[in-house]
Structures are given as structure tokens and as C-alpha cells.
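Peer 1: After the C-alpha cells below, expect a handful of questions from me.
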Amino acid sequence: MIPDETELLTYAAGQAMDYLAGLPTRRVGATAGAEELTKLLGGPLPEAPTAPAETVDLLTRAANEGGVVASSGPRYFGYVVGGTLPVALAADWIAGAWDQNSGVFDLGPAVATAEHIAAGWLLDLLGLPAGTSVGFPTGCAMAHVTALAAARHQVLTGVGWDVERRGLREAPRVDVVVGEQRHLTVDLALRHLGFGTDQLRVVPADDEGRMRLDELESVLADCDGPTIVCAQVGDVNTGAIDPVGEICDLSHRHGAWVHVDGAFGMWAAASPALRHLVAGIERADSWATDAHKWLNVPYDCGLVFVAHPHAHRTAMLHARTDYLPPGTPAERDPIEWVADFSRRARSLPVWAALRSLGRSGVADLIDRCCANARRFAELLDALPGAEVLNEVTLNQVLVRFGDDDGVTQDVIARLQAGGVCWFGGTRWGGRAAMRVSVTSWRTTAADVDRTVEEIRNAVAAATATASPDPRTA
Ligand SMILES: *Cc1c(COP(=O)(O)O)cnc(C)c1O
């Protein structure tokens with residue numbers, strides 16, 4: 001390495017580590033707007049080179065001037081995002097330094113091999129059938145695209161239609177069955193694959209957001225051709241898990257393909273204490289999940305699993321162009337299992353996380369998040385004015401403050417402004433609610449306690465503003 005390079009990268013690593021060291025005390029939400037950030041980072045394209053360290057400094061200033069959300073810190077409970085394990089970040093830095101084109105074995109044998117090994121470990125950890133094929137797309141949305149392309153291939157092959165060659169326009173109708181509470185990325189993936197939103201058959205959900213089996217049964221009774229059923233393991237609001245084993249059995253009796261959206265909830269399968277929640281999940285035909293959420297690797301890394309490798313590989317387009325040498329099974333070509341062609345070594349942090357945590361370390365990560373979610377639920381239940389709205393079986397808690405939507409919204413706004421923690425809002429059962437997602441290895445019981453104190457204060461302030469007590473007003 002030339003000296004400048006070492007110096008610059010050591011400098012940048014130092015700044016990155018300062019950022020990480022400051023995470024527990026850093027303000028959680030961002031404060032800077034697009035205007036300030038554009039002023040800091042923008043201007044006309046520089047006409048000539050400047051010192052690289054100056055550019056690195058600008059990024060650090062963007063973070064220090066409120067342009068970065070501390071979502072990998074211990075008290076970020078918005079959406080479902082996950083933190084980053086140090087070992088996964090280390091592997092990500094190395095992946096960047098290696099800069100392998102990770103599409104084919106010959107361009108990066110160590111990456112392709114680590115990916116092959118991680119794929120096997122994931123099947124073991126999540127209890128999926130041996131022989132299931134595994135791909136590493138950018139996220140769960142693209143995992144859906146990949147898996148549902150395989151599903152489309154398989155169900156249309158079943159009626160003698162080669163969709164890769166003949167397309168969809170004149171193909172036999174495919175019935176696509178989805179749950180009422182599905183994630184919007186399922187619709188996105190289906191739209192990309194030619195299945196319009198109005199064509200979907202929607203199965204109503206119960207109060208927790210789970211697909212209702214009786215309703216599924218009557219929808220399936222109406223589907224007599226190629227059929228795909230999309231189940232969900234882990235609702236973004238409640239964490240609710242569809243009765244996935246029963247859905248598989250029922251759907252398979254109708255000859256349907258079952259795809260599971262398990263973006264975060266599927267990780268329950270990696271915990272002996274929680275595995276029962278997803279009983280029967282191994283009977284599905286395809287699964288989509290994320291490593292960048294609950295496995296706590298850096299963005300962007302999704303995972304797709306398909307129990308029918310031939311369908312999976314055929315649905316991806318790259319299968320053996322002329323200039324790629326043929327691989328052996330152990331010489332994995334990652335492009336066979338995702339839509340990306342050239343890509344970064346995003347599987348390396350997954351390999352590193354699994355290699356370093358081991359089976360019990362992953363289970364502990366999942367269990368600790370769930371224990372902290374239960375702690376939230378217990379403390380919030382005891383808080384005057386707070387009402388926990390869901391059965392807390394996983395890492396998600398839904399809470400509401402009083403009957404007035406405005407108070408709940410005000411509490412969320414106060415917490416976001418306070419900077420100690422961060423929550424987002426949602427609507428559940430037609431009413432405003434605050435969503436709590438515990439998905440980071442960094443979150444401790446003490447973080448939960450401190451956060452609940454913040455919530456207590458915010459509720460008191462919001463309630464006082466909403467209906468001033470006549471005695472003190
Ligand atoms: C986050 C999420 C997705 C989308 O995953 P990305 O990695 O953001 O593409 C899909 N389904 C569920 C249930 C999710 O929580």
C-alpha cells in the first residue's frame with residue numbers, strides 16, 4: 001500500500017470508530033435537513049482534486065452536524081432496522097478492501113467459498129431442508145423478487161408453460177394469494193413479476209395480523225390453476241406470525257407454492273426457545289429474510305432460500321453465458337442465485353457473524369431482543385395511560401397512549417425531539433399507535449429502563465397539554 005493510502009484509511013477508520021464509540025450517548029434522531037446537508041456536501045462539481053482527508057472530514061461533519069440517524073445505536077426502536085455486530089462490520093471493511101467482483105467463483109474464490117459455507121450454515125441454523133438453494137440479494141424486497149420468480153417458473157411449468165421463454169402475457173392465469181397484513185414489498189415484488197395488485201387474492205387477518213386459515217381455505221377453493229400463496233412470519237407492527245405449517249399443508253393440498261416473508265421473524269427459528277412459533281416453516285417452498293435486520297450485519301444484505309434449486313436457478317437469467325467457466329457445486333457462482341451480476345461481497349459479513357457467534361450466539365442475540373421487548377411491554381403496561389395493543393411474542397411491541405390519537409402522536413413527536421431514543425408511529429385497528437422494535441445487539445435492559453422513563457415523561461407532558469388539569473391550570 002502506498003503511504004498516503006494507509007494514512008488516509010487509518011484516519012477514516014479512526015473517525016468511524018469515534019462515531020461508534022459515541023453511539024450510546026449520541027442524539028438518536030437526525031436534526032439536519034436537506035438544505036443544510038446540501039450546503040455542507042454540495043456545491044458545483046469540484047474542478048480539480050483536493051486532499052482525500054478533507055473529503056473524509058466532510059462526512060464526519062455530516063454526522064456531527066445532525067445528518068446521521070443513530071439507528072445502529074442501543075436506543076433506536078423505529079421500523080425494524082437492526083444494528084451492526086463489530087465482527088460483521090470488520091468483515092464489511094475487509095470486503096471493501098478486497099473489492100472482489102463476487103458474482104463468480106473465479107473472480108473471488110474466497111468470497112464464493114465463504115458464501116457457500118454461510119449458505120449451508122444458514123440452512124442448518126434456520127432448520128430449512130437440506131438441498132435448499134440460497135442467494136444473497138440486497139434485501140428482503142429483492143429476496144421476494146427472486147423467490148417469487150422461482151415460484152412463477154415452477155407453477156407455470158406445472159401447466160406446460162415456459163415463462164422464461166414465452167413470457168407472461170399469453171400465459172395461463174396464476175392465482176396469487178396474499179395476507180391482508182402483508183408487507184408492501186410483497187406487492188412490489190409481485191408487480192415486478194407481472195402480477196398486478198388488483199389481481200391478488202387477499203386473505204383477511206385476525207386481530208394480531210395473522211392470516212386466517214378458514215379464510216385461506218375458502219380462497220383456495222376458488223383457485224383451480226397455478227397458485228402461489230404468500231405467508232408472513234413477523235408482522236412489522238405486531239411481530240405476529242402466520243400459522244405457517246398449516247398454511248403449507250393446506251396450500252400444498254391445492255398444489256400451490258408457498259412463499260414466506262420472514263424478513264425478521266424467521267430468525268425465531270434460530271432460537272430453541274422460540275422455534276415453536278414458526279413450527280412447520282420448513283414445509284414452505286421459498287423463504288425471504290434479511291441478514292441486515294436481525295442478524296445485525298451492515299446494509300445491504302437479504303437472504304433468499306428456495307426448496308426447488310432448479311426453479312431458482314432457471315428463474316435467474318445468468319445461467320451459463322458463454323464466457324463464464326462452468327463451476328462445480330463447491331465452486332459456487334453467486335450470480336446463479338440472485339438477479340445481480342457484478343456485486344460486492346455482501347455475504348462475507350454474514351459468514352463472519354455466523355462464524356463468530358456460533359449457534360448459541362445467534363440464539364442469544366434473538367432471545368435478548370425478545371426479552372427486552374417483553375421488558376418494554378411489562379413496564380409500559382404498568383405505565384398510567386399506556387396500553388399495549390399486541391401479544392408480545394417476538395421483538396415488536398405496539399403501544400398507544402389514551403383514547404385520543406393526538407396524544408399518541410404527541411408522545412412520539414416528543415420522544416423523537418428528545419433525542420434519547422427514537423420510535424415511529426403507525427396505525428393499528430384504525431387507531432394511532434407507537435411501534436417498538438428491539439432488533440439490536442447493543443440494546444440492554446438498562447436502555448429499556450431509561451427509555452421507558454423518557455416515555456413516562458413524554459406521556460405526562462403530552463397529557464398535560466391535551467387536557468390541562470383544572471386544578472393546576
Ligand atoms: C423489512 C421488511 C421487508 C423488506 O425488507 P428490505 O430488506 O427492507 O427489503 C419485508 N417484509 C417485512 C416483514 C419486513 O419487515
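Peer 1: Nearest 0.05, what FRET efficiency do ALA413 and ARG201 give at R0 = 41 Å with Cβ-Cβ as r?
Peer 2: 0.60
Peer 1: Can you compute log10 of I(q)/I(0) for the range 92-225 with the Debye formula, treating each Cα as one identical point scatterer, at q = 0.21 Å⁻¹?
Peer 2: These q points yield log10 I(q)/I(0) values of -1.29.
Peer 1: Another question about this same structure. Could you order peptides 160-169, 442-451 by the average number of other Cβ atoms within 10 Å of their residues, highest first?
Peer 2: Ranking the peptides 160-169, 442-451 by packing returns 442-451, 160-169.
Peer 1: Still on this structure: State, as an integer percentage, the relative contact order of the range 57-166 based on alpha-carbon contacts under 8 Å between residues 6 or more apart.
Peer 2: About 8 percent, as a whole number.
Peer 1: What is the calculated FRET efficiency for GLU453 to GLU391, with r their C-beta to C-beta distance and R₀ = 22 Å, to the nearest 0.05?
Peer 2: Working from the Cβ atoms, E equals 0.30.
Peer 1: Take the Cβ-Cβ distance between SER356 and ALA445 as r, set R0 to 22 Å, and report the resulting FRET efficiency rounded to the nearest 0.05.
Peer 2: Efficiency, rounded to the nearest 0.05: 0.40.
Peer 1: Using the alpha carbons of the range 338-471, what is the convex hull volume per residue in cubic angstrom, as a whole number?
Peer 2: Enclosed volume per residue, from the Cα hull, is 156 Å³.
Peer 1: Taking 0.36 nm per residue of separation and subtracting the Cα-Cα distance, what length does fully extending ARG61 through ARG275 add?
Peer 2: Separation in residues times 0.36 nm, less the Cα-Cα distance, equals 72.6 nm.
Peer 1: Would you mind working out the accessible area per residue for the chain, using a 1.4 Å probe, and quoting it in Å²?
Peer 2: Here the per-residue accessible area is 44 Å².
Peer 1: Run the dipole for the range 91-354 about the Cα centre, Lys and Arg Cβ at +1, Asp and Glu Cβ at -1, nothing else charged, and hand back the magnitude in debye, nearest 20.
Peer 2: Using Cβ point charges on Lys, Arg, Asp and Glu, the range 91-354 gives about 500 debye.
Peer 1: Please give the Cα centre distance for the range 257-273 versus the range 352-370, rounded to the nearest Å.
Peer 2: 15
Peer 1: Give me, ordered by chain and number, the residues 5 or more places off TYR79 or on other chains with an amide H under 5 Å from its own placed amide H.
Peer 2: Distant-sequence amide H within range of TYR79: GLY424.
Peer 1: State, as an integer percentage, the relative contact order of the chain based on alpha-carbon contacts under 8 Å between residues 6 or more apart.
Peer 2: 22
Peer 1: I would also like to ask the following. From the backbone phi of the range 260-271, what are the Karplus-calculated ³J(HN,Hα) couplings (6.51 cos²θ - 1.76 cosθ + 1.60, θ = phi - 60°) in whole Hz, Gly and Pro given as x?
Peer 2: Taking θ as phi minus 60°, the curve returns 10, 8, x, 2, 10, x, 5, 5, 4, 5, 8, 10 Hz for the range 260-271.
Peer 1: Can you give me the relative contact order of the range 122-173 as a percent, contacts being Cα pairs under 8 Å and 6 or more apart?
Peer 2: 18
Peer 1: Going by accessible area, probe 1.4 Å, with all protein chains left in place, what is the ranking of ARG253, ARG359, ARG332, largest first?
Peer 2: Sorted descending by solvent-accessible area, the residues read ARG253, ARG359, ARG332.
Peer 1: Filter the GluC sites (Glu not before Pro) in the range 15-84 down to the DSSP loop ones having no more than 16 other Cβ atoms within 10 Å, then list what survives.
Peer 2: Sparse-neighbourhood loop GluC sites (Glu not before Pro): GLU47.
Peer 1: Using a simple spin-label model with points 7 Å from Cα along the Cα→Cβ vector, what separation in nm is obtained for ASP106 and ARG166?
Peer 2: Taking the two extended label points, one gets 3.5 nm.
Peer 1: Next up: Would you mind computing, in nm to one decimal, how far apart the modelled labels at ALA53 and ALA97 are, each placed 7 Å from Cα along Cα→Cβ?
Peer 2: 2.0
Peer 1: Oh, and also: Please give the contour-minus-distance gain from THR113 to LEU317: 0.36 nm per residue of separation, less the Cα-Cα distance, rounded to one decimal in nm.
Peer 2: Roughly 71.3 nm would be gained on extension.
Peer 1: Once each part is reduced to its C-alpha centroid, what is the distance from the range 6-72 to the range 400-463 in angstrom?
Peer 2: Going from one Cα centre to the other spans 28 Å.
Peer 1: OK, next. Quick one: P(r) of the chain from all Cα-Cα pairs, 20 Å bins, percents rounded to integers, in order of increasing distance.
Peer 2: 23, 52, 24, 1, 0
Peer 1: Please report, ordered by residue number, every helix of the chain (full DSSP H runs) that is 15 Å or longer along its axis going by C-alpha atoms and whose mean Kyte-Doolittle hydropathy reaches 1.0.
Peer 2: 86-98, 109-126
The values are calculated or read from the model by the stated rules, or taken from the named source; none is laboratory data. If you're wondering where the values come from, they're calculated on a predicted model, not measured in any experiment. Backbone-built Cβ (ideal geometry, glycine too); neighbour counts: all protein chains shown. The accessibility values were calculated without ligands, DNA or RNA, using every heavy atom of the protein model including side chains. Shrake-Rupley method; radii C 1.70, N 1.55, O 1.52, S 1.80 Å.
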